[in-house]
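Report on one structure; see the data block that follows.
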Amino acid sequence: RYFRIPNSCSFALGCMGIIESVSKNRSLAQCVLGFLSINVVLILIYLITQRKGIGGGDIKLLSASGLLLGWKKNILAFFIASLIVVFYHMIFKKIQLKKDTIRFLSGDRLAFGPYLSFGIFISYIAGDMIIQWYENWPGL
């Protein structure tokens, strides 16, 4: 509705990530790599598009999730969120509903935070299995 991700959400997720990193004895390099994994690209998009390509809250949320998930699962979370947005949007375009009835679009803006949250959740729960499946794909 307001296209804002509260800083408290990103902060809480980051704290959970730090606690999990310490409890699982992850190295500082792994934490930094998870923190920066996708965000370098997103910050470039943010700067080049002048806040129209992605919001600062999305970047903060992915930074915090990188501490929790690590670099592979953080990239997977972003990929899952992007796929969900594309398929969800395609379904509603296919049915040809009006923008007013969809309620997730406001003009040309898309609230990406809920999709990111779902992608982070899926990646946290099943990320290792998805990554292992992908790495064992025939021909890769």
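Go ahead and estimate [θ] at 222 nm for the chain from helices alone: -39,500 (n - 2.57) per DSSP H run with n ≥ 4, summed, over the residue count, rounded to 500.
Values: 7 runs with 102 residues, N = 140.
So the helix-based figure for the chain works out to -23500 deg cm²/dmol.
Taking square-rooted eigenvalues a ≥ b ≥ c of the alpha carbon gyration tensor, is region 43-94 rounded, prolate or oblate, where a/c under 1.5 means rounded and, failing that, a/b exceeding b/c means prolate? Show your work: numbers first, answer last.
Details: a/c = 2.78, a/b = 1.23, b/c = 2.26.
Oblate shape, in that a/c is at least 1.5 and b/c is the bigger or equal ratio.
Taking the 0 to 90 degree range and rounding to the nearest ten, how far is the long axis of helix 7-23 tilted relative to the main principal axis of the chain, both from C-alpha atoms?
With rounding to tens, the tilt is 30 degrees.
Accessible surface of residue 48 in the full protein assembly, 1.4 angstrom probe, to the nearest 10 Å²?
130 Å²
Around residue 5, under 13 Å between beta carbons, what's the net of Lys plus Arg minus Asp minus Glu among the other residues? Mind dumping the intermediate values first?
Numbers: positive: 1, 4, 60; negative: 58.
Taking every Cβ under 13 Å from that of residue 5, the sum is +2.
Ranked from the most accessible area to the least, with a 1.4 Å probe and all protein chains present, what is the order of 21, 37? Can you show the working numbers first?
Details: 21 5, 37 30 Å².
Correct descending sequence by accessible area is 37, 21.
In region 15-87, which chymotrypsin sites (Phe, Trp or Tyr not before Pro) are in a loop and have at most 13 other Cβ atoms within 10 Å, using DSSP for the loop call? List each step's numbers first, then the result.
Working: sites: 35, 46, 71, 78, 79, 87; in loops: none.
Answer in residue order: no site qualifies.
Residue 60: accessible area at probe 1.4 Å, nearest 10 Å²?
100 Å²
Could you sort 92, 121 by accessible area so the largest value comes first, with the probe set to 1.4 Å? Walk me through the intermediate numbers first.
Numbers: 92 40, 121 120 Å².
Correct descending sequence by accessible area is 121, 92.
Would you please classify the overall shape of region 1-82 from the alpha carbon gyration tensor, given that a ≥ b ≥ c denote the square roots of the eigenvalues, rounded means a/c under 1.5, and beyond that prolate means a/b larger than b/c while oblate covers the rest?
Details: a/c = 2.25, a/b = 1.58, b/c = 1.42.
Verdict is prolate for region 1-82.
Residue by residue, what Karplus-based ³J(HN,Hα) values in Hz, rounded to whole numbers, does region 67-75 have, using 6.51, -1.76 and 1.60 with θ = phi - 60° and x for Gly and Pro?
Residue by residue, region 67-75 yields 5, 7, 8, x, 5, 5, 6, 5, 5 Hz.
So if I take the alpha carbon set of the chain, get Rg, then get Rh from the Kirkwood formula, what is the Rg over Rh ratio?
Numbers: Rg = 16.2 Å, Rh = 16.0 Å.
Rounded to two decimals, Rg over Rh is 1.01.
The values are calculated or read from the model by the stated rules, or taken from the named source; none is laboratory data. Because the structure is a prediction, the values reported are computed rather than measured. Backbone-built Cβ (ideal geometry, glycine too); neighbour counts: all protein chains shown. When the accessible area is computed, the model is the full protein with side chains, heavy atoms only, and any ligands, DNA or RNA have been set aside. Shrake-Rupley method; radii C 1.70, N 1.55, O 1.52, S 1.80 Å.
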